[in-house]
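Just below is one structure, and these are the notes that go with it.
The values are calculated or read from the model by the stated rules, or taken from the named source; none is laboratory data. Here the structure is a predicted model, which is why all the values come from computation and not from measurement. Here the Cβ positions follow ideal geometry from the backbone for every residue, glycine too, while neighbour counts run over all protein chains shown.
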Amino acid sequence: MIILGIESTCDETAASLVEDGRHLLSNVISTSVKEQALYGGVVPEIASRRHCEFISATVKKALLDAGKTIDDVDAVAVTFAPGLIGAVLVGVNFAKGLAYSAGKPLVPVHHLRGHIAALYLLSLIHISEPTRRTPISYAVFCLKKKKQNHSLHHLFTTILSNKSHPCSKSDI
């Protein structure tokens with residue numbers, strides 16, 4: 001299964017293709033960081049306008065870099081919250097239009113949960129020593145702030161292996 005992911009929650013427009021939830025096929029980021037720096041930080045209106053300018057080319061390049069077309073994609077995923085509302089609307093509406101026109105399902109992704117889920121891709125990075133014979137186990141912890149309460153979620157320990165699924169249903 002190939003998923004096209006689109007992200008536009010702040011000042012960078014990103015698109016990537018992931019196969020079977022584990023294999024990164026492409027990752028393209030278009031940024032307005034230098035322009036935003038002129039104003040001392042992110043200006044929401046500028047960010048939204050740059051998303052409008054960059055999003056189509058960013059998605060096209062992600063597909064091209066992966067050697068895929070929209071016909072090869074099984075679903076379109078997009079971050080829907082939280083983020084700068086104007087920036088989020090650009091990404092969500094582009095993804096909705098693309099998914100609808102291509103007849104693909106649209107998958108909404110919570111921005112913060114997406115950051116956590118990206119940790120599942122750690123197996124793409126070779127972090128073990130060359131002589132190590134057993135996979136490395138790791139634990140993932142996430143500190144989430146909800147209103148004034150803090151809660152620590154221990155996602156769980158897993159083994160880095162292409163054969164093992166890194167995560168089961170989680171109450172993130």
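Given the condition more than 16 Å from the chain's Cα centre (by Cα), within 15 Å of GLU12 (Cα to Cα) and among the polar types (S, T, N, Q), answer yes or no: does some residue in the stretch 56-74 qualify?
Yes, there is a match, as at least one residue in the stretch 56-74 is more than 16 Å from the chain's Cα centre (by Cα), within 15 Å of GLU12 (Cα to Cα) and among the polar types (S, T, N, Q).
May I ask you to list the residues in the stretch 74-94 that are of a type in the set (A, V, I, L, M, F, W, C) and either over 26 Å from ALA47 (Cβ atoms) or touching a Pro at 6+ places or on another chain (Cβ under 9 Å) (or both)?
Correct list: ALA75, VAL76, ALA77, VAL78, PHE80, ALA81, LEU84, ILE85, ALA87, VAL88, VAL92.
Mind listing just one residue for me: the one in the stretch 3-23 that is of a type in the set (Ser, Thr, Tyr) and touching a strand residue (DSSP E or B) at 6+ places or on another chain (Cβ under 6 Å) and, of those, surrounded by the most Cβ atoms within 10 Å (Cβ to Cβ)?
Applying the filter and picking the extreme gives THR13.
Assuming HIS110 fulfils every condition listed in (1) modelled with pLDDT of 95 or more; (2) within 22 Å of CYS52 (Cα to Cα) apart from one, which condition is it?
(1)
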